[in-house]
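Colleague: Have a look at this one before I ask anything.
The values are calculated or read from the model by the stated rules, or taken from the named source; none is laboratory data. This is a predicted model, so every value here is computed, not measured. Note that each Cβ is placed from the backbone with ideal geometry, even for glycine, and that neighbours are counted across all protein chains shown.
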Amino acid sequence: MLTQSKEASAAAEERPKSRIWAEQATLRALVNSYLRETQQFDPRMDAVAQDMRVILPRTGRQVRGTLLHFSATGQHVYGKEWYEAEEEGAGRLLEMDEIIQWLLDELGYHANPEQREAEQQKMKQRIRNSLHKMTLFMDKHLKLASESRTESSSKGDRLAYVRSEQSLLIGHPFHPFPKSTEGFADDELSLYSPEMSAVFQLYYFAVHEDNVQEEWIGEEYRRDAIDPSVRLHAERQWGKELERYCMLPMHPWQAEHVLREPYIQSLIRQRQLIPMGALGPVFYPTSSIRTVWNIETGNGYKLPLHVRITNLVRDNTQEQARRTLDAAKVIHDLSAEWSSHIQSEGFKVLTETGYSRVCFKPNNETEWAGSSDAKYDAGQESGPVAIEEGTAAVHELEQLSDQFTVLYRPMDLNAESTYVMASLLEPLPGEQEPRLIGVIRDHSPSNVGEQPNLSAWLERYLHVSMVPMLRLLAVKGIAFEAHVQNSLLSLQDGRPECYYVRDLEGVSIVREQAEAAGWIGSLISEDSPVLYGAQEPWLRTRYYFFVNHLGALIHALAVHQQHSEQEYWGVVRKVLEQLKEQLEAQEEVQVQQERETGSKQGADARVRLAAYIQDLLTNPALPAKANFISCFQSRGDTPSFIPIPNPIQIREVTS
């Protein structure tokens, strides 16, 4: 086994704890991403010792380290030291920067040869950015923890949900730079970053109705979308002039950004836009940074933010707005019979209720000469798109409209007992226990300090999340991007009570089932971006929920109890097999009912559900995103997928 040298220990002690933790988290994510994406699923050198190695075949190198916890989905935990592997064993001690360079050299072969060096430098810059931000966030956590020990807190449990949204300090475990934000300066992080406990008022524009495109799932949602105090302030200041104007909320950083545009200034002079400044109640940025929520009213907004968060600039495109609202319309249409479709009261969707988009057109006062910062690439990483000169202005104005598109997402939930899953699965810096365990204990009526039965807890969780999700896909063809950051959980007495999924931009609906339900042509159009063939929603469900979501949850439970992850994947298998048996038992009764009614819809749904269960139980592989390689190839918005071993299908061998 590799042991830590005295020199390394002394060097580590010289660095702040926050920096050490951030470096460990960064290197772990990079190594795990590399191993998964190069299909080195088991890096252990033997079954007894903890020694492991990372093979870099193109450059002919090997790195050795210590594996403290083996993960069935690749979320391995390592020791603190890494060595260059030599024939005789472990050789020279490696620093983090050297290991990162070796990984970039190896994966650089996936980039275009002419752009390889530039891509490596870009990746290195974003990894450093993420590491730096993570260090600052952990510094902030240490200060808050110190203050809470020396001062009596008066905040209470009411902000439990907000704290969970604002304490995701490490982020995606399989992303090369999960905390990179290009656009925010360091002094702006305290103002706008959730990890820095930010809270702020929104900036508002009054936009002439001729320039606004809006769509809602109901008129009542449009009326309630903006706090009344904002409209009251506007009417007091501008009177009847604002009768034909719409109020548009905007992130304060974004407002400062767009106000620098000459074109926007020309619209302000023409009174097409009226900058109203910071108004109304305060909002908390959530874990996605650009989505904000008000704890008093429950109003929430998915705001455009022209900052590159991880690898994408987070504007709201027309296609994203259409996909989101089309999904919301379908889900809203099902609301009256929702529970019967999923056979559960504990599965809910936090839907967007509408969107507002400012539609810009070339005007007479200002000859359009393009963007002042040439950044309007809608999050694409491949640089400005080559456009015919005659259409360049229209294209750039369309992308400017993306920076004035707001999605409305009110969230009605119990802020005292609801949490974002991604945050619950991270241990606090310097600690081993995931926050989920503490939250379960805090809400449990049992004896203080009693260890919960985590297998039983997981089984209950699967019944409020996985089972309804599979039923909904089988019955109505609706799939969600149900990763841990899009998932919320409410607890009652420490047990899962309600599972929430959010962010309908990631919804996919099976076209064939949408046609059978009569949604196409009534609720959504034939060319709706929410419609897909049957394979795409199933691929997304397997990755986002089973690989990303359950992979992270089961990893956290297993590490906490120092158990094999296969023990908890066995619980997943058990629930799926029970669902399969239940389906088979119900079939005879339902077949008779269908003969009497003449409807085959139920039979089709049963066949689909049985096929999904069988695939999960027997398919040797599940799909996983190749984020590291995709970032190298500037495919952050359309990442490639790779197969990884299916831990549900694998039965743990015991002797």
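Colleague: Out of all the residues in the stretch 237-260, which are more than 27 Å from Glu352 (Cβ to Cβ) and in contact (Cβ under 8 Å) with a residue 40 or more places away in the chain?
Modeller: Passing the criteria: only Arg260.
Colleague: Where residues in the stretch 289-311 are crowded, with 20+ Cβ neighbours inside 10 Å and in a loop (DSSP other than H, G, I, E, B), which of them is modelled with the lowest pLDDT?
Modeller: Looking at the filtered set, the residue picked out is Asn311.
Colleague: While we're on this one: Counting only residues that are surrounded by fewer than 19 Cβ atoms within 10 Å (Cβ to Cβ) and closer than 30 Å to Leu397 by Cβ, how many does the stretch 318-334 have?
Modeller: 2
Colleague: So, Gly477, is that one surrounded by 24 or more Cβ atoms within 10 Å (Cβ to Cβ) and assigned by TED's automatic domain parsing to the domain that holds Gly518 or not?
Modeller: Criteria met by Gly477.
Colleague: Going by the structure shown, is Arg573 under 26 Å from Phe70 (Cβ atoms), of a type in the set (Lys, Arg) and out of contact with any strand residue (DSSP E or B) (no Cβ under 7 Å at 6 or more places or on another chain)?
Modeller: yes
Colleague: Could you please give the count of residues in the stretch 450-469 that are assigned to a helix (DSSP H, G or I) and free of Cβ contacts under 8 Å to residues at least 12 places away in the same chain?
Modeller: Selection size over the stretch 450-469: 1.
Colleague: Given the structure, is Gly60 surrounded by 14 or more Cβ atoms within 10 Å (Cβ to Cβ) and either over 29 Å from Tyr543 (Cα atoms) or not hydrophobic (A, V, I, L, M, F, W, C) (or both)?
Modeller: no
Colleague: Something else now. Pairs under 9 Å by beta carbon, first residue more than 14 Å from Leu202 (Cα to Cα) and of a type in the set (Phe, Trp, Tyr) in the stretch 219-236, partner at pLDDT 90 or above and not in a helix (DSSP H, G or I), six or more apart or different chains?
Modeller: From the stretch 219-236, the pairs are Tyr221/Thr353; Tyr221/Gly354; Tyr221/Tyr408; Tyr221/Pro410.
Colleague: Looking at the stretch 117-131, which of the residues that are buried (at least 17 other Cβ atoms within 10 Å of the Cβ) and either within 23 Å of the chain's Cα centre (by Cα) or among the charged types (D, E, K, R) (or both) is nearest to Leu30 (Cα to Cα)?
Modeller: So the residue we want is Ile127.
Colleague: Can you pull out the residues in the stretch 334-347 that are modelled with pLDDT under 95 and not aliphatic (A, V, I, L, M)?
Modeller: Ser335, Glu337, Trp338, Ser339, Ser340, His341, Gln343, Ser344, Glu345, Gly346
Colleague: Here's a follow-up. If I filter the stretch 430-449 down to residues being outside any helix (DSSP H, G or I) and within 26 Å of Ala415 (Cβ to Cβ), which single residue comes out as modelled with the lowest pLDDT?
Modeller: At the first step, the residues of the stretch 430-449 found to be outside any helix (DSSP H, G or I) are 430-434, 444-449.
From what is left, the residues that are within 26 Å of Ala415 (Cβ to Cβ) are 431, 433-434, 444-446, 448.
Details: Glu431: 86, Glu433: 91, Pro434: 94, Ser444: 78, Pro445: 76, Ser446: 66, Val448: 57.
The residue in question is Val448.
Colleague: Another one. Please specify each residue of the stretch 603-644 satisfying the condition of being within 30 Å of Thr310 (Cα to Cα) and in a loop (DSSP other than H, G, I, E, B).
Modeller: Ala626, Gln633, Ser634, Arg635, Gly636, Asp637, Thr638, Pro639, Ser640
Colleague: Please enumerate the residues belonging to the stretch 470-510 that are over 17 Å from Val607 (Cα atoms) and in a helix (DSSP H, G or I).
Modeller: Val484, Gln485, Asn486, Leu504, Glu505, Gly506
Colleague: Could you check, for the stretch 134-146, whether at least one of its residues is farther than 30 Å from Arg163 by Cα, of a type in the set (A, V, I, L, M), assigned to a helix (DSSP H, G or I) and under 23 Å from the mean Cα position of the chain (by Cα)? Give the derivation first.
Modeller: Here is the first cut: in the stretch 134-146, the ones farther than 30 Å from Arg163 by Cα are none.
Checked against the condition, which is being farther than 30 Å from Arg163 by Cα, of a type in the set (A, V, I, L, M), assigned to a helix (DSSP H, G or I) and under 23 Å from the mean Cα position of the chain (by Cα), the stretch 134-146 yields no hits at all.
Colleague: A further question follows. Is it true that Pro249 is modelled with pLDDT of 90 or more, touching a Pro at 6+ places or on another chain (Cβ under 6 Å) and buried (at least 17 other Cβ atoms within 10 Å of the Cβ)?
Modeller: Considered against the rule, which asks whether it is modelled with pLDDT of 90 or more, touching a Pro at 6+ places or on another chain (Cβ under 6 Å) and buried (at least 17 other Cβ atoms within 10 Å of the Cβ), Pro249 comes out as no.
Colleague: Count, please, the residues in the stretch 605-655 that happen to be crowded, with 16+ Cβ neighbours inside 10 Å, over 18 Å from Ala552 (Cα atoms) and among the charged types (D, E, K, R).
Modeller: Qualifying residue count, the stretch 605-655: 3.
Colleague: Here is a follow-up. On the phi > 0 side of the Ramachandran plot, touching a residue at least 60 places away in the same chain (Cβ under 8 Å) and touching a helix residue (DSSP H, G or I) at 6+ places or on another chain (Cβ under 6 Å): does that describe Gly298?
Modeller: On the way: on the phi > 0 side of the Ramachandran plot: yes; touching a residue at least 60 places away in the same chain (Cβ under 8 Å): yes; touching a helix residue (DSSP H, G or I) at 6+ places or on another chain (Cβ under 6 Å): no.
For Gly298, the condition - on the phi > 0 side of the Ramachandran plot, touching a residue at least 60 places away in the same chain (Cβ under 8 Å) and touching a helix residue (DSSP H, G or I) at 6+ places or on another chain (Cβ under 6 Å) - is not met.
Colleague: Within the stretch 586-644, which residues are farther than 17 Å from Pro176 by Cβ, among the small types (Gly, Ala, Ser), in contact with a helix residue (DSSP H, G or I) (Cβ under 7 Å, 6 or more places away or on another chain) and modelled with pLDDT under 90?
Modeller: Those that are farther than 17 Å from Pro176 by Cβ, among the small types (Gly, Ala, Ser), in contact with a helix residue (DSSP H, G or I) (Cβ under 7 Å, 6 or more places away or on another chain) and modelled with pLDDT under 90: Gly602, Ala603.
Colleague: For the subset of the stretch 196-236 comprising residues that are among the aliphatic types (A, V, I, L, M) and closer than 30 Å to Leu169 by Cβ, which member is surrounded by the most Cβ atoms within 10 Å (Cβ to Cβ)?
Modeller: Leu202
Colleague: Restricting attention to the stretch 235-245, does a residue exist that is aromatic (Phe, Trp, Tyr), at pLDDT 95 or above and in contact with a helix residue (DSSP H, G or I) (Cβ under 7 Å, 6 or more places away or on another chain)?
Modeller: no
Colleague: In the stretch 193-209, what residues are touching a residue at least 60 places away in the same chain (Cβ under 8 Å) and over 30 Å from Pro178 (Cβ atoms)?
Modeller: Tyr204, Phe205, Ala206, Val207, His208, listed by residue number.
Colleague: Determine whether Lys124 is basic (Lys, Arg), closer than 30 Å to Glu195 by Cα and assigned to a loop (DSSP other than H, G, I, E, B).
Modeller: On the way: basic (Lys, Arg): yes; closer than 30 Å to Glu195 by Cα: yes; assigned to a loop (DSSP other than H, G, I, E, B): no.
Against the criterion (basic (Lys, Arg), closer than 30 Å to Glu195 by Cα and assigned to a loop (DSSP other than H, G, I, E, B)), Lys124 does not qualify.
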